[in-house]
Amino acid sequence: MKLNIDNTFFSELSADTIKENFTRQVENACYSLATPIQTKAPKLIHINSEVAKQVGFTVEDLNSEKFNNLITGNFIYPSTLPYAMCYGGHQFGNWAGQLGDGRAINLFQVLTDRSLTLQLKGAGKTPYSRTADGLAVLRSSIREYLCAEAIHHLGIPTTRSLSLALTGDQVMRDVLYNGNPAYEPGAIVCRVAESFIRFGNFQIFASRNDKKNLKALLNYTIRHHFSHLEENNKSHYAMLFQEIVNATVNMIVHWQRVGFVHGVMNTDNMSILGLTIDYGPYGWLDHYDTDWTPNTTDSQNRRYRYSQQPNIGLWNLYQLANAIYLVTEDAPPLEEALNSYKTQFESQNLKMRSAKIGIDSPSEKDKILLDDLESHLKLIETDMTIFFRLLAKAKKIEDCLDAFYHPNQLKGEVLATWEMWFDQYQSRLATENQLEKDRIVNMNNTNPKYILRNYMSQLAIEAAENGDYDLINELYELIQNPYDEQPENEKWFAKRPEWAKNKVGCSMLSCSS
Ligand code: AMP
Ligand code: MG
């Protein structure tokens, strides 16, 4: 096993000087050294060979005991120092103070065409674990492992999954926080990203008025991830912020396109590279209910519901702007970047919504057609993914019948409303300067056929908890090509089954993981 280790991180950012692993407030430091705990009986369940190759592992490495031990924290790669990052964050709109990598331990960075960080999720306590155990259970690890890959193959920026392993240890969890704790199998996902730096990494320094470390982190971010910008330059810090705004808009427009609901858009879960990060109680819209959130912890206010994600992205960016302001002391460039969020979002979102219905160059008038469509999708329970996929070839609403959860409700006024919309839509398409066959191809590249519905992960979880990992493999293969027809996988191009509508793990998820 020979990896191209990059240790610049340590020389460029300040470390916590206390070596012991007890829970504490860590000041004047970007990170703390943290040693993964030894796991009892590490057992690999899945390896992502594409990511493994990118990192620099050979096929021989992947079959070795060393690899098994590395990705479960039992073996530390020579001359590397695992560490946990210090960050804070706004949770559900309130400043929560120091949070940090409470159950994520960064193993090391490797230099490939760019630098990649390998991080274990669930490898034990760090100084940031607060009252929790630093561990992760199989159910949430499967969800993170598969979903990051599903999101990647949908063309959405995200952290990646390298491996999924059982630890052999049992972990106590109270799934619904209702006083029913039980033991579950422990697991570790090794995830990989160009950077795991979050908005909260900057916020924690600003909250402590620690300008020195705030600047050091801004410079580090520029040096390693935005190297076309200048370090120690206030206007370039604002330009960095503008780039983070752009990346955030891009990510959220993609989420809206595929019906992904992150579930916990706290500022500590917002990547400065605009990567989808920290897969917790996320979900996918089955029927088109824009007020839906999978997160039961948020069921009262629904702060992070599907329709609210774009606004929350902006709210979170305000918090980051406030942090950066501490060192730039120049509000207008930051305000300008914040103002551009709205205009960028509106134009990209209109483009995306139009692309979903096969309109290449949308005009203001198309907004009415699009708004009508989105309100009609709520008339009777309508599956978002299936509807848009069938729309490519549909001439009339009956061609989309399979998208309705209760097709017999398509009658009377509902039917008339849809018929009117289709008339308008067909007339609009007739004015498009696009061959029908090209339009269909474009629509199918915008509207995925296969998404990782919650019930699908739940089935894979239940099988895996009984020692059967076949479904993990099957879903992993399925999500590699979400826009392809894959006739052999047609059974996954189906509405959520009735049993999954209100089931824990499908429509309802908590942060317990
Ligand atoms: P999340 O809601 O998963 O983004 O987590 C919020 C904060 O809680 C982060 O600082 C996590 O590292 C920490 N955290 C979540 N679960 C655990 C756990 N089981 N053990 C330690 N820290 C945790
Ligand atoms: Mg988090």
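Read-outs throughout are calculated quantities, based only on the coordinates presented, and are distinct from any laboratory measurement. The shown structure was predicted, so the numbers you read here are calculated from the model rather than taken from an experiment. FYI the Cβ positions are ideal-geometry reconstructions off the backbone, even for glycines, and counts take in every protein chain you see.
Here are a few things to note about the model shown:
- Remark on Phe404: its backbone amide H falls under 5 Å from those of Asp383, a criterion applied only to residues 5 or more positions apart or on other chains, H modelled at 1.01 Å from N.
- Listed peptides 76-84, 340-348 by packing density, highest first (mean Cβ within 10 Å): 76-84, 340-348
- In order along region 95-101, the phi-based Karplus estimate (6.51 cos²θ - 1.76 cosθ + 1.60, θ = phi - 60°) of 3J(HN,Hα) comes to 5, 9, x, 5, 10, x, 5 Hz; Gly and Pro are listed as x.
- Of Lys378/Lys437; Lys411/Lys491; Lys356/Lys393; Lys449/Lys491, those spanning more than 23 Å from alpha-carbon to alpha-carbon: Lys378/Lys437; Lys411/Lys491
- Mean Cα-pair separation over length for region 200-355, i.e. relative contact order, pairs under 8 Å, 6 or more apart, %: 29 percent
- Sequence ranges 91-100, 282-291, 24-33, ranked by mean other-Cβ count within 10 angstrom, highest first: 282-291, 24-33, 91-100
- Computed [θ] at 222 nm, helices only, for the chain once each DSSP H run of length n ≥ 4 contributes -39500 (n - 2.57): -12500 deg cm²/dmol
- Once the Cα-Cα distance is subtracted from the 0.36 nm per residue extended length, the Ala416 to Ser363 segment shows a gain of 16.5 nm.
- Hypothetical label at Trp95: residues of region 206-242 whose amide nitrogen lies under 19 Å (7 Å Cα-Cβ projection): 206-215
- Only Cα pairs under 8 Å and 6+ residues apart enter the sum, and on that basis the relative contact order of the chain stands at 14 percent.
- Those residues of region 1-40 whose amide nitrogen sits under 20 Å from the label point placed on Lys53, 7 Å along Cα→Cβ: 1-4
- FRET efficiency estimate (nearest 0.05) - Cβ-Cβ, Tyr77 to Lys503, R0 51 angstrom: 0.80
- Whole-Å distance, taken between Cα centres, linking region 72-145 and region 458-513: 26 Å
- Against the chain, whose longest principal axis is taken from its Cα atoms, helix 309-328 shows a tilt of about 30°.
- Rel. contact order, % - alpha carbon contacts under 8 angstrom, at least six apart, region 360-444: 33 percent
- Computed about its Cα centre, the charge dipole of the chain is approximately 760 debye, with only Lys, Arg, Asp and Glu carrying charge at their Cβ.
- Whole-Hz Karplus values for region 267-281 come out as 5, 7, 10, 10, 7, 6, 9, x, 8, 5, 9, 6, 7, x, x Hz, taken residue by residue from phi with 6.51 cos²θ - 1.76 cosθ + 1.60 and θ = phi - 60°; glycine and proline positions read x.
- 5 angstrom amide H check on Phe108, placed H, neighbours 5+ away: Leu118
- Between Asn433 and Asp484, the C-beta separation translates, for a Förster distance of 22 Å, into a calculated FRET efficiency of about 0.25.
- Gain on full extension, evaluated as 0.36 nm per residue between Asp133 and Met172 minus their Cα-Cα distance, stands at 13.1 nm.
- For region 344-433: rounded, prolate or oblate by the Cα gyration tensor [a/c cutoff 1.5]: prolate
- In region 137-214, the chymotrypsin sites (Phe, Trp or Tyr not before Pro) that fall in loop regions by DSSP, at most 14 other Cβ within 10 Å: Tyr177
- Residue separation of Arg24 and Asn232 scaled by 0.36 nm, minus their Cα-Cα distance, works out to 71.8 nm of gained length.
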